[in-house]
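Scroll down for the structure; my scribbles are underneath it.
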Amino acid sequence: MTAVQLLFAAVHGLWGIVGVLLLFFVAFNVLEAMQPSLVSRYAAAARGAALGIYNTTQAMGLFLGGAVGGWLLKHEGRSAVFIGCAVVLLLWLIIAWNMKSPPARKSSAPAVAA
């Protein structure tokens, strides 16, 4: 996703933007599915509370991202928005780099004999 943001800052032609949009939505959909799953696996005992906090911080991020992105667009231009996003994503990557994988989710479905 960080690389995609940098590509958005650099690409200007229609087909380049279409290609980068394809990459963006692939990465976005993967993250959109993985993050709540990881939260619920890390906080198995307090799953509801953890997902509530996750959803609250996600909504705050939507607000702050729109506000800061709008300010950057107005004062610094289009490329600054994408470079700013890349910086935030890079910081997130650095913080998350040493995270351990959560324990595997226990299946509640009964085993099926073959």
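The values are calculated or read from the model by the stated rules, or taken from the named source; none is laboratory data. Predicted, not measured: the structure shown is a model, and the values here were computed from it. So basically every Cβ, Gly included, is an ideal-geometry build from the backbone, and we count neighbours across all protein chains shown.
Residues in region 11-24 that are part of a helix (DSSP H, G or I) and loosely packed, with under 12 Cβ neighbours inside 10 Å: 14, 15, 18, 22. Taken over region 34-58, residues that are loosely packed, with under 10 Cβ neighbours inside 10 Å and part of a helix (DSSP H, G or I) amount to 1.
Within the bounds of region 90-97, is there any residue that is on the phi > 0 side of the Ramachandran plot, surrounded by 11 or more Cβ atoms within 10 Å (Cβ to Cβ) and not acidic (Asp, Glu)? The answer is no, given that none of the residues of region 90-97 is on the phi > 0 side of the Ramachandran plot, surrounded by 11 or more Cβ atoms within 10 Å (Cβ to Cβ) and not acidic (Asp, Glu).
Screening residue 100 on (1) in contact (Cβ under 8 Å) with a residue 24 or more places away in the chain; (2) part of a loop (DSSP other than H, G, I, E, B); (3) among the charged types (D, E, K, R) shows it passes everything except condition (1).
Restricting attention to region 17-36, does a residue exist that is acidic (Asp, Glu) and modelled with pLDDT of 95 or more? Within region 17-36 (the criterion being acidic (Asp, Glu) and modelled with pLDDT of 95 or more), the answer is no, since none of the residues qualifies.
Taking region 59-78 on its own, how many of its residues are surrounded by 15 or more Cβ atoms within 10 Å (Cβ to Cβ) and either of a type outside the set (A, V, I, L, M) or in contact (Cβ under 8 Å) with a residue 24 or more places away in the chain (or both)? The number of residues fulfilling the criteria is 1. Pairing residues of region 30-47 that are under 17 Å from residue 59 (Cα atoms) with residues that are polar (S, T, N, Q) and outside any helix (DSSP H, G or I), at Cβ distances under 8 Å and at least 6 apart in sequence or on separate chains, gives no pairs at all.
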